[in-house]
Amino acid sequence: MKTFISLILFVVSVLLAGGAAAEIVDRVVAVVGSDIITLSDVKKYSAQRSANPRLAEGMAGAPLEALIREKLLKLEMERLGVGATDGEIAAAVNDVVTRNGITLDVLKAELSRKGTPFEKYKKDLGDQIRQMKFLSQVIFPRIKISEDEVVRKAGAKPSDEGRIRARMELLQARSSEELVKYLDEARSKTFIEIKP
């Protein structure tokens, strides 16, 4: 009997010690489809947005809402099969090297100096390619631009190149608003739970 009581006291002391030492390191703040967003994701995003004004311009609104939209965009690209091939990523890397007049080794060294692994850089390029494909295949066709608008933007008697440039500027100016509309539509069809 004495050993049984000792065993119970030992178990209780371990449980109490474990409870006292337990600490919440992170928590889930939202679920989008099958993806989760943690509190640390929100804090990291907020810090990046504070450090990078261009990021802040691109994703207006609360950080959690911006992360939910990012997850929705990722889910939609997966659903539609929009991807970036290894060849497209390699071509993008070659383009960066060529435009900057450097070698691949110099690019890798510069990335390393900044603390960015080359594989992460390639993944980020792939994500950018996917997003551009998504915009051109899904969002741009939803935007209606009249010929009058193109002429007003390009000026009187524009060249073919001027018309194309004007149309692209109009598409890009309206793409953020159209993307938000598209993601709102996707949101209505996706399981989203925001945790208190």
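Read the figures in this text as sums done on the coordinates, not as results from a lab. Model, not experiment: these values are computed from the prediction. FYI the Cβ positions are ideal-geometry reconstructions off the backbone, even for glycines, and counts take in every protein chain you see.
Figure the gain on full extension for LYS108 and GLN128 (residue separation times 0.36 nm, minus the Cα-Cα span) and round it to one decimal in nm. Can you show the working numbers first?
Values: separation 20, 0.36 × 20 = 7.20 nm, distance 1.89 nm.
The LYS108-GLN128 span can extend by a further 5.3 nm.
Subtract the Cα-Cα distance of VAL96 and SER188 from 0.36 nm times their separation in residues, and report this length gain in nm to one decimal. Intermediate results must be reported in sequence, preceding the final value.
Values: separation 92, 0.36 × 92 = 33.12 nm, distance 3.87 nm.
Stretched out fully, the VAL96 to SER188 stretch lengthens by 29.3 nm.
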Shape of segment 57-196, Cα gyration tensor, a/c cut at 1.5
oblate
I need the calculated FRET efficiency for the pair GLN137 and THR116, taking r as the beta carbon distance and R₀ as 35 Å, to the nearest 0.05.
0.75
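So, counting K/R as plus one and D/E as minus one, what does the shell of residues with Cβ under 11 Å around VAL151 add up to?
Details: positive: ARG152, LYS153, LYS157, ARG163, ARG167; negative: GLU147, ASP148, GLU149.
So the environment of VAL151 carries a net charge of +2.
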Tell me the trypsin sites (Lys or Arg not before Pro) within segment 66-103 that lie in a loop according to DSSP and have at most 10 other beta-carbon atoms within 10 Å.
none
